[in-house]
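These notes concern the structure reproduced below.
All of the numbers you see were taken from the coordinates with simple rules; none came from a lab. This one's a predicted model, so the numbers in the text were calculated from it and none came from an experiment. Positions of Cβ are backbone-derived with ideal geometry, glycine not excepted, and every protein chain shown enters the neighbour counts.
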C-alpha cells in the first residue's frame, strides 16, 4: 500500500522528532502529521482534511490517553478502517492484549536501538 | 449324880439349846432367802457355802446382768459374784468368790475404795475406780449399798467403763483432729490470694479471711456479725449488692470488674450461695485482686494497637515501595531509551566523521546504556511480581517447560545444552511467573556452564511430605512438589547459598558472566508468591541444584 500521509499521536517531543527523522530516512515522501494527545488527534481528524492512511498511537498521554482515543476511532464509522499502530514504551502483555481486543492492528514497542527502530518501522509500512 | 456333874450337864444343855436356837434361826434365814451363803472359819481360812434360795428369779436376773454384781462381807470378802464379774476380770468364778475385793483393785484406787466402802456402811456410795487383774487395768463405775440389817455386808454393782473411756479418748482425739483440721483449713483460707468472706441470710458477716481483711484494712472483730451495709453503706445501690441477693436466691454470680472505691484496686469476684443440707444458709464471696492483670492486659492492648498501626504503616510503605519501584523502573526507561536511540542514530549516521577515540567512547556509552537497560528491565520484572495479582491456574508444567525451551531455543542451540526433563506435574500456579522461574533457572544453568563442556540440565519432580524439607519452615502436614533443576556448571561456594537470592547479588566478575543479579531474586519472590520455598545446593566445579518446593493440593 502506498502511504502519502500518516498521523502520529504522541505527547513526547523527543519521540515525535525521532519518529519523523527515522521516517524521513526511509520514506522521505510520506507526510507525517502530529497530534500531542488523543483529543487533539480527534479534533484534527474531524477538521476538513485528507484522512491519514495509518495512525501511530501512543498509549500514555495527557488529556486523552491512547486507549480512549482508540475506542473513539474504532467506534466511528469514518475512522474505523484506518489501521492503528500502537507505538508505546510498554511491552506489558496486558496492554498489548487490550489494544488488540479494542481493534488496534499492530503493537509496536519503541525499541531503544536505533537500527531496530528503523527496521521495525520499515516493516510496518511494508505490511500496512 | 453329884451336884457338880449336874451343874455341868445343865450348862451344856443350856449351851446346846443356845446353839440349837442359832441354827434354827439360820435355817429360818436360809428358808426365807435372806442368806445366800455361809462363811465358816476353818483353821483360820474362810470356807464359803453358797445356798440355793427361794429368790431364784432374782438370782437369774442378777446372773444375766450386763453389770457385775457382788455381795461382800463387811471385811470385803466376796461371798457372791455374778457371771458378768467373771467376764469383766476374765477369771473363773471359783477364784473370785472367797477372795477379798481389795485384791482386785489397782493400787491407785485402793484409798478411794476404802473411803467408798466405809461410806457405804451408812447407806450408799458411788464413784469411779480402776480394777487390776492379771496386769489388766479396767476402769469401772462402782456403786455400793449397805445390805444391813438383813445381811452383814455390802452389795456392789460394777459398771465396766472400758468402752466409755475408749470412747472418751476417741472423742477427744477426734476433737483434736477436728481442731487441727479446722486450723489447717483456716490457714489455707487465710493464705489464699483470694479475699474470702461469708455472710448469713441477712448478709451479716460470718467469717472473713486474712486476705480480705488486709484488703479492707479492718480487723475481724470489726466485721464479724455486722451487716455488709453497715461496713460498706455505699454498696446498697450497686450491682454487687444485687448479686449477693441473687446468690441468696441460689444463683452463682460472677463480676469481672469491680473497682474498689477506696484505692482503685480491680477485683473479679464470685458470689455463691452457701448450701448446707440442701438449704441456702448464706453467701460466699470470693474476690481476687486482678489489678496487675488488668493493667498488663491494658498495656498489651495498647501495644497491640501500636503494632497494628505500625503494621498498617508497613503495609502502606510496602505498597508504596512496590509501586515506586514499578513506576521508577518504568519511567527510568524513557530517558534511557532516548539516550540509546539518539546515540545509536548518531553512531549510524556520523561515525565516519568520528575520530577513533570518539567512536570508541560512543560505543562505550551505548554499551553502558544497554547495561542499564537490562537492570531496569529486570527491576521492572521484579517489581511486577508483587504489583500484579495474577490468578492461580491449574497448569501443566510440561507445557510451561516446552514454552520456555522454545523461547530460549537460540541459547540452547548455540550452547548445545541438553535438557533432561521427565514428566512434570499439573498444579495450580501463576503460569507467567512459573515461566519466568524456569526460564531464569535454565538461563543460569547455561550461562554458568564450564568452558568447553556441554551443559547438561536435569530436571526432576517428586511429591514429598513437609517433614522432608529440612532447611526452611514449611507449612505443617502438607505435601509438596519438589522440583529440582541440576546442572553440571561451575557451581559456587556453599556460603553463597542464601546470598544469591538477594537483590543485585552477583558472584562473578562482570567480564566473565553477564547478568543483573536480579534473576534469582525474582525466582525467590515468585516461589514465595506460590507459598513455596526455594533453596540451592552447590559446590565449586561440581554443578548446582536449585530445589523448588510448591505446595500440592491436599
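Is the protein assembly as shown rounded, prolate or oblate when judged by the Cα gyration tensor, a ≥ b ≥ c being the square roots of its eigenvalues, rounded requiring a/c under 1.5 and prolate requiring a/b larger than b/c?
prolate
Helix-only mean residue ellipticity at 222 nm, the protein assembly as shown, DSSP H runs n ≥ 4 weighted -39,500 (n - 2.57), per residue, nearest 500. What is it? Present the calculation step by step, with values, prior to reporting the outcome.
Numbers: 21 runs with 307 residues, N = 682.
One gets -14500 deg cm²/dmol as the mean residue ellipticity at 222 nm.
For the pair the range A:86-107 and the range B:529-549, the centres of their Cα atoms are 37 angstrom apart. Relative to the longest principal axis of the Cα atoms of chain B, the long axis of helix B:519-529 makes an angle of roughly 40 degrees.
Neighbouring Cβ atoms from other chains, within 10 Å of the Cβ of residues in B:364-373, number 1 on average. Over the range A:5-127, Cα pairs under 8 Å with separation of 6+ residues give a relative contact order of 23 percent. Per residue of B:335-346, other chain Cβ atoms within 10 Å of the residue Cβ number 5 on average. Which shape class applies to chain A: rounded if a/c is under 1.5, otherwise prolate when a/b exceeds b/c and oblate if not, where a ≥ b ≥ c are the square roots of the Cα gyration tensor eigenvalues? It is rounded, given that a/c, with a ≥ b ≥ c, falls under 1.5.
Give me the percent relative contact order of chain B, please, defined on Cα pairs under 8 angstrom at least 6 residues apart. Please report the intermediate quantities before stating the final value.
Working: 801 pairs, mean separation 34.5, N = 554.
Taking the mean separation of contacting Cα pairs over the length of chain B, I get 6 percent.
Principal-axis analysis of the Cα atoms of chain B puts helix B:356-387 at an angle of about 30° to the longest axis. Take the alpha carbon gyration tensor of chain B, find the square roots of its eigenvalues, order them as a ≥ b ≥ c, and report rounded if a/c is under 1.5; if not, report prolate when a/b exceeds b/c, else oblate. Prolate is the answer for chain B, as a/c is 1.5 or above and a/b outweighs b/c. Build a GNM of chain A with springs between Cα atoms under 10 Å apart, and of A:57, A:42, A:13 the one that fluctuates most is A:13.
Across the range B:277-431, C-alpha contacts under 8 Å between residues 6 or more apart give a mean separation that, scaled by the residue count, equals a relative contact order of 24 percent.
Helix B:239-248 against the longest principal axis of chain B: what's the angle in degrees, Cα atoms only, rounded to the nearest 10? Its long axis makes an angle of about 50 degrees.
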